[in-house]
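Below is one structure; the comments refer to it alone.
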Amino acid sequence: MSEPARHIVLVPLDGSQPAAGQLAIGEAVARLYEAEVHVLHVSAAAMTPAEVCDRVGLPEPRPAPERVRHRAGDAARAIVDEARALGAAAIAMSSHGETGDPSAVAGHVTLAVLAATPCPVVVTRAFLDAGRQAQRIRDVRCILVPLDGTKEAARACEEAVALAARQGAQVRMLHVIPRTGGRGRAGGFPRFADHAAYELEAWREEFARISLAGVAAREDVRSDVALRVGDPADEIVSFAESEDCDLVVVAWGGRMTPHRAVIVRKLLTAAPCPLMFLLADARPGAGTA
Amino acid sequence: MDGHELRDLLGDIDALDRMPAQPGFDAMRERGVETVFAVANGVLGVRGALDEGGAASHPLLIVAGVFVPTASEAQQTLLAVADPAIVEIQIDGTRLDMRSVETADQRRVLDLDRALARRAWRFTDAHGRAWSLKSVRVASIAGARPYLHALSLRLDRGVAADVAVRVAVGSGERDVHGEVARWREVRTYEGASLAIARSAVAPGWAATDNGFTCRLDEGAELRIETMTTVHSPANRRADDAGVGLDGALAAHLALATERRRTTRISAEGRPDVEAAVELAVYHLLAASAPLGGATSIGARDLSGEGYHGHIFWDTDVFAVPALTFLDPASARSCLEYRHRTLPEARLRARAHGYRGALFAWESTDTGADRTPAAATLPDGSRIEIETGELEHHIVADVAYAVMRYWEATGDDEFMREHGAEIVFECARFWASRVSPAGGDRLAIRDVIGPDEFHPRVSNNAFTNAMAAYSLRAAAEAAAWLAASDAPAATAVPAVDPPADEVDAWRRTAAMVVRASFLDDEVVEQFDGFFGLTPVDVAAYREAGVPIDIALGPHAVAKLRVIKQADVIMAAALLPDAWSERAVRANFGYYAPLTSHVSSLSAPVYAQVAAWLRDEVSLEHALRRVIDTDFGNGHLGAGAGIHVATCGGLWQVVVFGLAGFRYSASGVAFDPYLPGGMHRLSFALRWRGRILRVSIVAGALDITIEGGPARVRVNGVEREVADAEPARFAWDPRHTRWSGMEASP
């Protein structure tokens, strides 16, 4: 019924990326949630806040000591546990960290956090300009939500609409119809396609209504449904580029096993803008990715 | 519980445990649930939305027959207005909706016996108080067909609460006295008005600008009752204000209970089939009324806005053939609507260079065609929509519906006054539509068949077969009319075709190519179909991907894939034009090529599969039919019930499984019970009689009320006396074609 207070954005730093840039991204995310940034560093040895700042290379002025946290142990587990303990509104982190393999879609810590997070995770690709990414988040005007008609996708939509309402942004919902059939799950093309060609407008409206069914009426949020035909992962990235989207919000099942999470992989390797991941119910077949 | 006061229906709904029910609440599926739990009466339809509204709700009252302009390509759409019975409720200043409270249980039920919808919701508010909200919706089928709604909100447990109710009275007058507050209001729209009478009973109520407030102690309840009467061209009756809400309910219950007695179907052993066909019958009846042709049934009936309420061939070929046996007066009204739109159909034929009548592919109020001219594809490209210009089989479909209705009902008055004129004008169209094909053969070129993936084809099997049927039917009707002792049907000369014209219809019918299928071979769907490029249709079909959207209409037009039953549609409608071997061969060829993108497709395949005793194909097709609106979480029903699927499902069960056939002289059955179904029972109306049929393995029992009839089962025919049960033996190996030469 009522959501817990969300007033902290957790920014894990391991020193691999210029900390100022990561902190700026974290502060931009914090603005989205009207929250404050807490820095987290994970290492085997205990550290004071000042030592953490030194270790990750935070420039002056540094965050207040009470906003600099340290945990020992496995990095991903520590981040997730800290976020849960703080009731964090979001986590903001880079796609690749200190030990991340640049040839992989994301570092193993990032992937592990995405698979277990209790809150939205904003991921910025490590190979994009951090300042530009921070600016996109800070001045977010266009939020893209790939939809497939599932409950999980609608959750992503709900999060996007809430963000858009706070920031005065527009929500673009994108549904991609696969060009080639396959025997797998095709997703949410509604079943009333008796004459799909000229019923597309009606379908678009219906799809938007279904996707926004759980969202309290927000007449102040502009939203639309775009359709594309083709490979879903390619089309989402292409749409984000061509429509100059500032943020892509995706709900996913949390499993990066072979042949799964194709869209998540593609976004992590090719998205032109920051990404927000929500962990959907991890039951088989669920998720948008 | 059994009283005739609306408040009596606000009691416990657990007793309705055998009725279609929707427990819980799922915002994603709410739109489909609202559709399935809608109430309607042919004059108005009301979606089964939550009484208190909410983000997921789409509460509408849809007015039959009133079309208003739209800026979209569709040009006109059915009038849909806010459901007047939806109220905004605040408890201690917090708006009541599904998201603001903790639901203990929630259940919506369709009471099919009484044609009404009920809801019970128990919840706990933020202060820990336990509440119950109950409601009942009725679209009365009596009198002025008002919409009746009652709601009660009760504080079951907890400290007293202040409740504010906004009833949106608009500019109506308000009459407040004693314990009861009353409001009256008239809302006027383009082409229709709503007369709304509302009353509320609440302890200690006080009027506000837009409703009232009250204070509910533990155990206290407030109750709101609303009666809404639509005044429209389809419903010119004065409202039932004088009758009162309870009187209107009593009148409805009397008719609904009687109607139920002759329309229910049971399929013991197959609850999936029974539940779906019962819902299908409910919605077919809800969509229709004997309105003297003032309007007809839209493709998505009165439960949603899909297809803008436009009237397609869905009505004539899928809904009317079922309604003919469920509610003949409503079936007749649909055909009278076609008669009423003849002037536009004649103009349309002339405009296209033909004679007779060319009915609109998408019809609304006047019968002018409202098919959108173009559409925008996902890639932004524009394509021309050609169905309005080229899908001419609608002409034969209307003639088919008229003839089948007449044969089933013996309604000679209708035939003289309306039907014959329709059928003759259809024949005149086809006589002018054919063109030489060499020798003594005639072709029908440049059409779109039911398979709309392939526009501008020649000699589409379905179109040609139906055109030939239409011509022969007109000749038959002309012969009947000539032999009839009755005076000239109407003042319209079109009803009295000269003998040479009738002869020409017969000759033309015999000359149309690809119109008879007795040669046991696979029929080419249209000229050149066999030469199209093969494609893996199953991959798209099983993935649920509409192949025309995925590949684009121009690419699909070159592929050997069909949108829906086409050749097999001809077999379903005109089985006597086929041999069993030919049907089997064509079914085997075309079923794998069918994408089933259209909801009209699966019912046809299911019916023919039943005739062929092809259980695997039957079950596959049945699953698709059921899932269209009534399975799969009702996800397909958001924009309204697919009325053709409802009619199609009834036809699958009665025409397909029971193998029911009919003529002026009698009825026949060649039953087949699919796996798990151990008894199929149904009632239907035929020629003023009520037939009650019960089929179990090897035996068919029939009782006829209203007169004797000749009944044949598996070719064995005998007279069944009025009200005397009769039993026939049957064997599933005997198909409808086994005794073809002796068809009744």
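Picking from B:Ala637, B:Ala644, B:Ala683, B:Ala709, which residue would you name as being more than 27 Å from B:Phe37 (Cα to Cα) and either of a type outside the set (S, T, N, Q) or surrounded by 19 or more Cβ atoms within 10 Å (Cβ to Cβ) (or both)?
That would be B:Ala709, the only listed residue that is more than 27 Å from B:Phe37 (Cα to Cα) and either of a type outside the set (S, T, N, Q) or surrounded by 19 or more Cβ atoms within 10 Å (Cβ to Cβ) (or both).
In this structure, is B:Arg355 among the charged types (D, E, K, R), surrounded by fewer than 23 Cβ atoms within 10 Å (Cβ to Cβ) and out of contact with any strand residue (DSSP E or B) (no Cβ under 6 Å at 6 or more places or on another chain)?
Here the answer is yes, as B:Arg355 does meet what is asked.
Looking at region B:381-397, can you tell me whether even one residue there is in a loop (DSSP other than H, G, I, E, B) and either of a type in the set (Ser, Thr, Tyr) or within 30 Å of A:Phe239 (Cβ to Cβ) (or both)?
yes
Tell me yes or no: at least one residue of region B:662-675 is more than 14 Å from every other protein chain (Cβ to nearest Cβ), closer than 28 Å to A:Gly149 by Cα and not charged (D, E, K, R).
No; the residues of region B:662-675 include none that is more than 14 Å from every other protein chain (Cβ to nearest Cβ), closer than 28 Å to A:Gly149 by Cα and not charged (D, E, K, R).
Applying the selection to region B:81-108, what residues are within 13 Å of another protein chain (Cβ to nearest Cβ) and part of a strand (DSSP E or B)?
If the condition is that a residue be within 13 Å of another protein chain (Cβ to nearest Cβ) and part of a strand (DSSP E or B), then B:Glu88, B:Thr94, B:Arg95, B:Glu102, B:Thr103 are the ones that fit.
Against the condition modelled with pLDDT of 95 or more, away from every other protein chain (no Cβ under 14 Å) and at negative phi, how does B:Ser303 come out, does it pass?
no
Can you name the residue in region B:109-128 that is assigned to a loop (DSSP other than H, G, I, E, B) and away from every other protein chain (no Cβ under 13 Å) and is also surrounded by the most Cβ atoms within 10 Å (Cβ to Cβ) among such residues?
The residue in question is B:Ala115.
Considering each residue of region B:224-262, count those that are of a type in the set (S, T, N, Q), in contact with a strand residue (DSSP E or B) (Cβ under 7 Å, 6 or more places away or on another chain) and crowded, with 20+ Cβ neighbours inside 10 Å, and give that number.
Total meeting the criteria: 4.
Please go through (1) in contact with a Pro (Cβ under 9 Å, 6 or more places away or on another chain); (2) assigned to a helix (DSSP H, G or I) for B:Val597 and return the number of the only condition it doesn't satisfy.
Result: B:Val597 fails condition (2) only.
Take region B:194-212 and flag every residue that is surrounded by 17 or more Cβ atoms within 10 Å (Cβ to Cβ) and in a strand (DSSP E or B).
B:Leu194, B:Ala195, B:Ile196, B:Ala197, B:Arg198, B:Ser199, B:Ala200, B:Val201, B:Gly211, B:Phe212
Identify, from the list B:Gly410, B:Gly367, B:Gly380, the residue that is touching an Asp or Glu at 6+ places or on another chain (Cβ under 9 Å) and of a type outside the set (A, V, I, L, M, F, W, C). Steps first, please.
Details: B:Gly410 fails: touching an Asp or Glu at 6+ places or on another chain (Cβ under 9 Å); B:Gly380 fails: touching an Asp or Glu at 6+ places or on another chain (Cβ under 9 Å).
Testing whether each residue is touching an Asp or Glu at 6+ places or on another chain (Cβ under 9 Å) and of a type outside the set (A, V, I, L, M, F, W, C) leaves just B:Gly367.
So, of the residues in region B:431-455 that are in a helix (DSSP H, G or I) and small (Gly, Ala, Ser), which turns out to be surrounded by the most Cβ atoms within 10 Å (Cβ to Cβ)?
Among residues in region B:431-455 that are in a helix (DSSP H, G or I) and small (Gly, Ala, Ser), the one surrounded by the most Cβ atoms within 10 Å (Cβ to Cβ) is B:Ala431.
Cβ-Cβ distance below 7 Å, separation of 6 or more or different chains: which pairs start in region A:102-126 with a residue that is at pLDDT 90 or above and end on one that is of a type in the set (D, E, K, R) and assigned to a helix (DSSP H, G or I)?
A:Pro118/A:Arg84; A:Pro120/A:Glu159
Every residue, every condition in (1) buried (at least 21 other Cβ atoms within 10 Å of the Cβ); (2) not hydroxyl-bearing (Ser, Thr, Tyr), yes or no:
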{"residue": "B:Ser516", "(1), (2)": "no, no"}
{"residue": "B:Gln525", "(1), (2)": "yes, yes"}
{"residue": "B:Phe530", "(1), (2)": "no, yes"}
{"residue": "B:Pro534", "(1), (2)": "no, yes"}
{"residue": "B:Gly544", "(1), (2)": "no, yes"}
{"residue": "B:Lys563", "(1), (2)": "yes, yes"}
{"residue": "B:Ile568", "(1), (2)": "yes, yes"}
{"residue": "B:Ser579", "(1), (2)": "no, no"}
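Tell me, which helices (runs of 4 or more DSSP H) lie completely within region B:493-558 with 1 or more residues that are under 33 Å from the mean Cα position of the chain (by Cα), within 14 Å of another protein chain (Cβ to nearest Cβ) and not β-branched (Val, Ile, Thr)?
B:537-543, B:547-551, B:553-556
Give B:Arg47, B:Arg99, B:Arg31 a once-over and let me know the one that is in contact with a strand residue (DSSP E or B) (Cβ under 6 Å, 6 or more places away or on another chain) and of a type outside the set (A, V, I, L, M, F, W, C).
Selected residue: B:Arg47, the only one of B:Arg47, B:Arg99, B:Arg31 that is in contact with a strand residue (DSSP E or B) (Cβ under 6 Å, 6 or more places away or on another chain) and of a type outside the set (A, V, I, L, M, F, W, C).
Give just the number: which of (1) more than 21 Å from B:His252 (Cα to Cα); (2) away from every other protein chain (no Cβ under 13 Å); (3) part of a helix (DSSP H, G or I) does B:Asp51 not satisfy?
The number of the failed condition is (3).
A quick yes/no check of all residues on (1) away from chain B (no Cβ under 14 Å); (2) touching a residue at least 12 places away in the same chain (Cβ under 8 Å); (3) crowded, with 23+ Cβ neighbours inside 10 Å; (4) over 22 Å from B:Ile547 (Cα atoms):
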{"position": "A:Phe207", "(1), (2), (3), (4)": "no, yes, no, no"}
{"position": "A:Arg222", "(1), (2), (3), (4)": "yes, yes, no, yes"}
{"position": "A:Glu235", "(1), (2), (3), (4)": "no, yes, yes, no"}
{"position": "A:Asp244", "(1), (2), (3), (4)": "yes, yes, no, yes"}
{"position": "A:Val250", "(1), (2), (3), (4)": "yes, yes, yes, yes"}
{"position": "A:Arg255", "(1), (2), (3), (4)": "yes, yes, no, yes"}
{"position": "A:Lys266", "(1), (2), (3), (4)": "yes, yes, no, yes"}
{"position": "A:Met276", "(1), (2), (3), (4)": "yes, yes, yes, yes"}
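Answer with yes or no whether B:Ala375 is within 14 Å of chain A (Cβ to nearest Cβ), surrounded by fewer than 24 Cβ atoms within 10 Å (Cβ to Cβ) and in contact with a Phe, Trp or Tyr (Cβ under 8 Å, 6 or more places away or on another chain).
On the way: within 14 Å of chain A (Cβ to nearest Cβ): yes; surrounded by fewer than 24 Cβ atoms within 10 Å (Cβ to Cβ): yes; in contact with a Phe, Trp or Tyr (Cβ under 8 Å, 6 or more places away or on another chain): yes.
Spelling it out, B:Ala375 is indeed within 14 Å of chain A (Cβ to nearest Cβ), surrounded by fewer than 24 Cβ atoms within 10 Å (Cβ to Cβ) and in contact with a Phe, Trp or Tyr (Cβ under 8 Å, 6 or more places away or on another chain).
So which residues in region B:55-75 are within 14 Å of chain A (Cβ to nearest Cβ) and either of a type in the set (Ser, Thr, Tyr) or assigned to a strand (DSSP E or B) (or both)?
B:Ser57, B:Leu60, B:Thr70, B:Ser72
Need a quick list: helices (runs of 4 or more DSSP H) entirely within region A:71-138 having at least 1 residues that are among the basic types (Lys, Arg).
A:75-86, A:130-138
Could you say whether any residue in region B:129-146 is under 30 Å from B:Ala256 (Cβ atoms), of a type in the set (A, V, I, L, M) and more than 33 Å from the chain's Cα centre (by Cα)?
Kept after step one, since they are under 30 Å from B:Ala256 (Cβ atoms), are these residues of region B:129-146: B:132-146.
Subsequent filtering for residues that are of a type in the set (A, V, I, L, M) retains B:133, B:136, B:138-139, B:141-142, B:144.
After this cut, where a residue has to be more than 33 Å from the chain's Cα centre (by Cα) as well, the list is none.
Within region B:129-146, not a single residue is under 30 Å from B:Ala256 (Cβ atoms), of a type in the set (A, V, I, L, M) and more than 33 Å from the chain's Cα centre (by Cα).
Could you please tell me which pairs satisfy a Cβ distance under 8 Å, a separation of 6+ or placement on different chains, a first residue in region B:562-588 that is closer than 18 Å to B:Val652 by Cα and in a strand (DSSP E or B), and a second residue that is modelled with pLDDT of 95 or more and of a type in the set (Ser, Thr, Tyr)?
Filtered contacts from region B:562-588: no entries.
Yes/no per residue for (1) closer than 25 Å to B:Val39 by Cβ; (2) of a type in the set (Ser, Thr, Tyr):
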site	(1), (2)
B:Asp162	no, no
B:Arg166	yes, no
B:Arg174	no, no
B:His177	no, no
B:Ala195	yes, no
B:Ser199	yes, yes
B:Asn210	no, no
B:Gly219	no, no
B:Val230	yes, no
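Every residue in region B:687-706 that is under 30 Å from the mean Cα position of the chain (by Cα), surrounded by fewer than 20 Cβ atoms within 10 Å (Cβ to Cβ) and part of a strand (DSSP E or B), please.
If the condition is that a residue be under 30 Å from the mean Cα position of the chain (by Cα), surrounded by fewer than 20 Cβ atoms within 10 Å (Cβ to Cβ) and part of a strand (DSSP E or B), then B:Arg689, B:Ile690, B:Arg692, B:Ser694, B:Val696, B:Asp701, B:Thr703, B:Glu705 are the ones that fit.
Name the pairs: first residue in region A:1-17 and away from chain B (no Cβ under 14 Å) and more than 22 Å from B:Glu102 (Cα to Cα), second residue at pLDDT below 80 and surrounded by fewer than 17 Cβ atoms within 10 Å (Cβ to Cβ), Cβ to Cβ under 7 Å, at least 6 apart or on different chains?
Note: pairs meeting the criteria are A:Asp14/A:Glu98; A:Gly15/A:Glu98; A:Ser16/A:Glu98.
The values are calculated or read from the model by the stated rules, or taken from the named source; none is laboratory data. Nothing here was measured: the structure is a model prediction, and the numbers come from that model. Positions of Cβ are backbone-derived with ideal geometry, glycine not excepted, and every protein chain shown enters the neighbour counts.
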